[in-house]
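Values in this text are rule-based calculations from the coordinates and carry no lab data. As the structure is a prediction and not an experimental result, all values here were calculated from the model. Cβ placement follows ideal geometry from the backbone for every residue including glycine, while neighbour counts extend to all protein chains displayed.
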Amino acid sequence: MTVWRIVAATAQKDFRTAVSYRVGFATSIIAAFWGLIAFRFVSKLVNTGQFAGSTTSYFKFTVVGLLFASILEPTAVGTSTSARGDQVQGTLEYLATQPVRRIYLGLSWSAYGLVQSIIVAAVIMVLTIPIGFSVSNVNVPVVVGVILLTIVIFAAVGNLGASLVIIFQQGVPLVAGILSIIGVISGTLFPITELPPWLQVFAHLSPLTYALDALRSALLADQPYTNYAVDFAVLIGFAVVLVPLSAWVLEWSFRIAQRRGTLATF
Amino acid sequence: MNRVRAARSRRAGQPDSDGIEVAGVTKSLRGRLILDHVDLTVPRGTLAVMEGSNGAGKTTLVRTLATVVAPDSGTARVNGYDVIRQSLDVRRTIGVSFANERSLYWRINSFQNLELFGKIAGLPKRIIASRSADLIERLGIAHVAQGQVARMSTGQRQRLMVARALLNDPAVILLDEPFRGIDEEGLAAILGLVKERVADGATALIVAPLIDAITPAADATYIVSGGVIRPTGGTSGDVEEGPDEDGIAEPVEVPEYLVDAETPTPTDAGPEPAGPEPVEAEGPGRTS
């Protein structure tokens, strides 16, 4: 399939580029693991067992939230960062001459970062086991389904960010900022019940809220499939709206840049 | 003042349909008129060479044909496809080299660059491998092709960009300043490859600020003045210069290796290049 061929080829290029810098992969694991160790100590302050409104420990709650966010970050922010990279490097204009739909380019921009972050997250998850992390009765289909759906949604968000980059030569800080806000209000580090009521309204508008709910339940406290129905319905709804919208906006952004003659501008 | 010289392929029997058709194209960028109702027709199987001063709009015209700049008015067709309404079809049939060596990925090597763009273009792996090896060899960069592009000289990167433009065996070749930083050997290699493709029926448009060295390849000359392109006649080896309004057109001292600029045969041009091969559904090819 064309899209996979392009995504794989671009990921291979990004891998080769990353390897040429050598230390990047190792440092990303060390940095992320060190951050989780910090939360291990924070969890001792909160409590050693379950905490308010949750059926699990704060450490487990945080590990799932942070690792999942670490997978989504390169999907969303990484797309616009890569687009900006191609823009500054000078390869964006040439990519625009290639016989492919622009959405394929958009999807390819996040491919390597996504694969790398999944590997890093898996390694860190294993590393956290000796310091208190564990899973039980994992519902694998739900875990896989939630992760895939959320990646699709955040890839669409990333393509919207890439569109900003292509039109305005800016957009990475905006996407990073929005993602940071979404992370806070969606329950990455604490349950959304701790938020003030007005902010909880916004939390329920975030797909990450539903994704984290489902993921924590499926990893830490398996529940019947019917309990995941609302979460999946919301995530599918976001995907159905955002995917075609982002494809259209990305194509449109290229047309704007073509009219302005700014594809080579940075 | 700008000059455009066009060379019609000497190969007989090519269909006389047009590879590039530009009619009344106007383009302004940041409030400045770059192209003013430009008309240009480059028949299929023709090598056209465009010359002009800096900022004259040559690059904008190439970018328009490559679908990365949209004209404000007028129409431009490449291999029969409209650059606005059928841009994806246009991109399937062109091979482009911009005057920007940063359009390569510098942290990977030449083969890896060609592999990436070959895959994006939809070429099968074995075709990418064979064509890459052939182009890199014939363009004289085999000895540096395994190292990072960052370690190559400007001229070597220029040759690699030409290799990338020819990788998909395009029906229309668009080269913007392909001779920047290129020595005589490189110039001959690039011209030889392009003329081969033209002899096979491709159409080529080469933009260069100073083209005297490649004038012998021209069968006809054109002049661009005030955004209007006019043919001035002339034949191969006996180039008639256009109106000499500013004294640019001077007698040309022709390098010996270009005097007989006939399309090389497989025998005298090295290994026979891989012919058009079937490609995947979205892959480009010499579609007529």
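Worth a mention:
- Against the criterion of being under 11 Å from the mean Cα position of the chain (by Cα), in a helix (DSSP H, G or I) and on the phi < 0 side of the Ramachandran plot, A:Leu107 does not qualify.
- Residue count for segment B:90-106 under the criterion of being farther than 22 Å from B:Arg131 by Cα and part of a loop (DSSP other than H, G, I, E, B): the result is 2.
- Residue tally, condition of a type in the set (A, V, I, L, M, F, W, C), free of Cβ contacts under 8 Å to residues at least 40 places away in the same chain and under 19 Å from A:Ile167 (Cα atoms), over segment A:229-266: 1
- Restricted to segment B:92-108, and to residues there that are surrounded by 22 or more Cβ atoms within 10 Å (Cβ to Cβ) and either more than 7 Å from chain A (Cβ to nearest Cβ) or farther than 21 Å from A:Thr265 by Cα (or both), the residue that is farthest from the chain's Cα centre (by Cα) is B:Ile108.
- Scanning segment B:73-89 for residues that are in a loop (DSSP other than H, G, I, E, B), surrounded by fewer than 21 Cβ atoms within 10 Å (Cβ to Cβ) and either within 11 Å of chain A (Cβ to nearest Cβ) or of a type in the set (S, T, N, Q) (or both) yields B:Ile84, B:Gln86.
- Test: B:Ala70 is over 23 Å from A:Ser253 (Cα atoms), within 12 Å of chain A (Cβ to nearest Cβ) and part of a loop (DSSP other than H, G, I, E, B): no
- Check on A:Phe254, within 14 Å of chain B (Cβ to nearest Cβ), more than 18 Å from the chain's Cα centre (by Cα) and surrounded by 15 or more Cβ atoms within 10 Å (Cβ to Cβ): yes
- Residue match in segment B:109-116 (condition: among the acidic types (Asp, Glu), facing chain A (nearest Cβ under 8 Å), farther than 24 Å from B:Val78 by Cα and outside any loop (DSSP other than H, G, I, E, B)): yes
- Odd one out for A:Gly145, checked against (1) surrounded by fewer than 21 Cβ atoms within 10 Å (Cβ to Cβ); (2) closer than 16 Å to A:Leu242 by Cα: (2)
- Picking from residues in segment B:133-179 that are surrounded by 24 or more Cβ atoms within 10 Å (Cβ to Cβ) and among the polar types (S, T, N, Q), the one that is farthest from B:Lys119 (Cα to Cα) is B:Gln158.
- Total residues in segment A:228-244, condition under 12 Å from A:Val146 (Cβ atoms) and surrounded by fewer than 16 Cβ atoms within 10 Å (Cβ to Cβ): 1
- Of all residues in segment B:195-210, those being surrounded by fewer than 18 Cβ atoms within 10 Å (Cβ to Cβ) and touching a helix residue (DSSP H, G or I) at 6+ places or on another chain (Cβ under 6 Å) number 0.
- Entirely in segment A:150-227, the helices (runs of 4 or more DSSP H) that have 3 or more residues that are buried (at least 23 other Cβ atoms within 10 Å of the Cβ): A:207-220
- Within segment A:119-142, if we keep just the residues that are outside any helix (DSSP H, G or I) and touching a Leu at 6+ places or on another chain (Cβ under 7 Å), the residue that is surrounded by the fewest Cβ atoms within 10 Å (Cβ to Cβ) turns out to be A:Ser136.
- Restricted to segment A:71-104, and to residues there that are β-branched (Val, Ile, Thr), assigned to a helix (DSSP H, G or I) and within 14 Å of another protein chain (Cβ to nearest Cβ), the residue that is farthest from A:Leu179 (Cα to Cα) is A:Val88.
- Test for B:Val49: is it within 11 Å of chain A (Cβ to nearest Cβ), within 24 Å of B:Arg159 (Cβ to Cβ), assigned to a strand (DSSP E or B) and under 13 Å from the mean Cα position of the chain (by Cα): no
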